[in-house]
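Novice: Please find one structure pasted underneath; my questions will follow.
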Amino acid sequence: MSLHLYNTLHRKKQPFVPIDPKRVTLYVCGPTVYSYAHIGNARAAMAGDLVFRMLRHHYGPDHVVYARNITDVDDKINAAAQAEGVDISVITNKFAEIYQDDMRALNMLDPTLEPRATDHIPEMITTIQALVDKGHAYVAEGHVLFSTGSFERYGALSGRNLDDMIAGSRVEVAPYKKAPTDFVLWKPSKPGEPVWDSPFGAGRPGWHLECTAMIAKNLGIPFDIHGGGHDLIFPHHENEVAQGCCAHGEETYARFWVHNGFLTMDSEKMSKSLGNVTLVHDLIKTYPGEVLRWALLAGHYRAPLDWTDAGLQQAKSALDKLYGVLQRADDIHAPPGAPSPALVAAMDDDLNTPQAYAELFALAKALETASSPEEKEERKGQLLASGHLLGFLQTDAADWFAGNTDGDDIAKIEALIAKRQQARAEKNWAAADAARDELTAMGIEVLDGPQGTTWRKV
Ligand code: AMP
Ligand code: ZN
């Protein structure tokens, strides 16, 4: 089976065929960098990371271009910069860097490109000019607006009619608009806000335009896959399609639209405005990145995912089981292998991570029950390659179980284990038990197996 993705545009799962298999293009709406990302934001980037990994697997790492943008011009950024009395770049550079580090901590691959909105102002102006020239945009009270009535297919992506959209709360009402769904391409800057010169007056771009300009410059229109959270379908993505198709005279903007479901807490969407956020930056201080990643991918990306402590505990214990198998197979040399066909098939089926997890456990069991050394080597190689495809099992098993134990403690633990072994060899059971008790008091569990003694932090 080839990669199949649920395409929001056609409301069904479809086989993915790229425009050019030598240059497969993917874009995901990235963060607005005025503050720390929460774990719900990470879910959107994570869906992009999975698509990126599967495209690299099928087409080769050198043939996929993944752009995850940075929105670095926005009202919330202006407010944060004004509150601190600094230039907006101080805020955006700081939080863009933190965002990149946080996503890396969740084992996401770096995107090929991370375009910034403020580096694309000339392209935005050219796009607006093209829209005005073609009669798709008009100037009103210092604003340039896209005329949604000029694009027959407006509403096709979100599948709503214009009346539904107007009824929705996210359409901004303004007296200078010809139609309520018309949206801003360019607007005057307020005092103290960033400002750029343009043929339409000094001002700044509208949000929807930013993504289209970055895509046109870095990927080209049409392109293969556009991703983002479910909340962006309307109006953001609908507006991207309208301005992208009209400015570039193309029938198609993105061929596939992939939208992730919300991450919720107590059944409510996690969002900064509701204040129910858990920051990635804080979570990574307590949990290994792989545990957070496992918890994020434990449900299918399109379904809602409730973020709970129980989910985190389950993620930790699932990974402990897999690493336990690897630890017991520590002496087996694993040649670089290919991921299991069943795991790839699960991922090809619209990124079915729950099924892929079941396959990882089946592979671990196959490794434990393998009889010949050749079989063990092959199965360990396959388990590791399958884990790596999904961004798991990237740590040495001993390091995984050592957790954040520091070097001095590790030396002490190993000395106690040696002491216990010596005592056991001498049949001095009291001394052996005393050494084990001391380890237990340090929170260390000792495991005796056919390959010798190992330990883990509990
Ligand atoms: P923002 O920084 O709010 O523009 O959001 C960045 C990305 O995170 C967008 O793709 C949003 O759709 C996505 N997002 C925000 N909140 C959540 C959530 N609770 N669950 C899933 N995705 C979200
Ligand atoms: Zn966008």
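Computed from the coordinates by the stated procedures, all read-outs in this text should not be read as laboratory data. This one's a predicted model, so the numbers in the text were calculated from it and none came from an experiment. Note that we place each Cβ from the backbone using ideal geometry, even for glycine, and neighbour counts take in every protein chain shown.
Novice: Could you pull out every one of the strands (runs of 3 or more DSSP E) wholly within segment 1-100 that has 3 or more residues that are buried (at least 23 other Cβ atoms within 10 Å of the Cβ)?
Specialist: Passing ranges, in order: 24-28, 64-68.
Novice: Further question on the same structure: Hey, can you tell me all the residues within segment 10-39 that are more than 17 Å from A254 (Cα to Cα), within 9 Å of ligand 1 (Cβ to nearest atom) and touching an Asp or Glu at 6+ places or on another chain (Cβ under 9 Å)?
Specialist: T32, V33, Y34, A37
Novice: Which residue is farthest from H10 (Cα to Cα), if the candidates are limited to segment 243-255 and must be in contact with a strand residue (DSSP E or B) (Cβ under 6 Å, 6 or more places away or on another chain) and away from ligand 1 (no atom under 16 Å from the Cβ)?
Specialist: Filtering segment 243-255 down to residues in contact with a strand residue (DSSP E or B) (Cβ under 6 Å, 6 or more places away or on another chain) leaves 243, 254-255.
Narrowing the set further to residues that are away from ligand 1 (no atom under 16 Å from the Cβ) leaves 243, 255.
Working: Q243: 20, R255: 10 Å.
Per the criteria, the residue is Q243.
Novice: List, please: which pairs have Cβ atoms under 6 Å, are six or more places apart or on different chains, and start with a residue in segment 377-398 that is touching a residue at least 40 places away in the same chain (Cβ under 8 Å) and farther than 13 Å from P336 by Cα and end with one that is polar (S, T, N, Q) and crowded, with 18+ Cβ neighbours inside 10 Å?
Specialist: G391/N107; A397/Q327
Novice: Quick one: in segment 16-41, of everything that is among the small types (G, A, S) and more than 13 Å from ligand 2 (Cβ to nearest atom), which residue is nearest to V86 (Cα to Cα)? Explain how you work it out, then say what you get.
Specialist: Initially, segment 16-41 is screened for residues among the small types (G, A, S), giving 30, 35, 37, 40.
When the remaining residues are screened for being more than 13 Å from ligand 2 (Cβ to nearest atom), the result is 35, 37, 40.
On the way: S35: 15, A37: 21, G40: 28 Å.
Here the answer is S35.
Novice: Among P339, P354, P335, which is under 23 Å from the mean Cα position of the chain (by Cα) and surrounded by fewer than 20 Cβ atoms within 10 Å (Cβ to Cβ)?
Specialist: Numbers: P339 fails: surrounded by fewer than 20 Cβ atoms within 10 Å (Cβ to Cβ); P335 fails: under 23 Å from the mean Cα position of the chain (by Cα).
Only one candidate passes the filter, namely P354.
Novice: Something else about it: Can you say whether V86 is over 21 Å from the mean Cα position of the chain (by Cα) and among the β-branched types (V, I, T), as far as the supplied structure shows? Reasoning before the result, please.
Specialist: On the way: over 21 Å from the mean Cα position of the chain (by Cα): yes; among the β-branched types (V, I, T): yes.
Yes.
Novice: Quick one: D399 ticks every box in (1) within 34 Å of the chain's Cα centre (by Cα); (2) of a type in the set (D, E, K, R); (3) in a strand (DSSP E or B) except a single one, so which number is it?
Specialist: Looking at each condition in turn, D399 falls short on (3).
Novice: Which is under 22 Å from the mean Cα position of the chain (by Cα) and either away from ligand 2 (no atom under 11 Å from the Cβ) or without any contact (Cβ under 8 Å) to a residue 12 or more places away in the chain (or both), of F223, F200?
Specialist: Values: F200 fails: under 22 Å from the mean Cα position of the chain (by Cα).
Selected residue: F223, the only one of F223, F200 that is under 22 Å from the mean Cα position of the chain (by Cα) and either away from ligand 2 (no atom under 11 Å from the Cβ) or without any contact (Cβ under 8 Å) to a residue 12 or more places away in the chain (or both).
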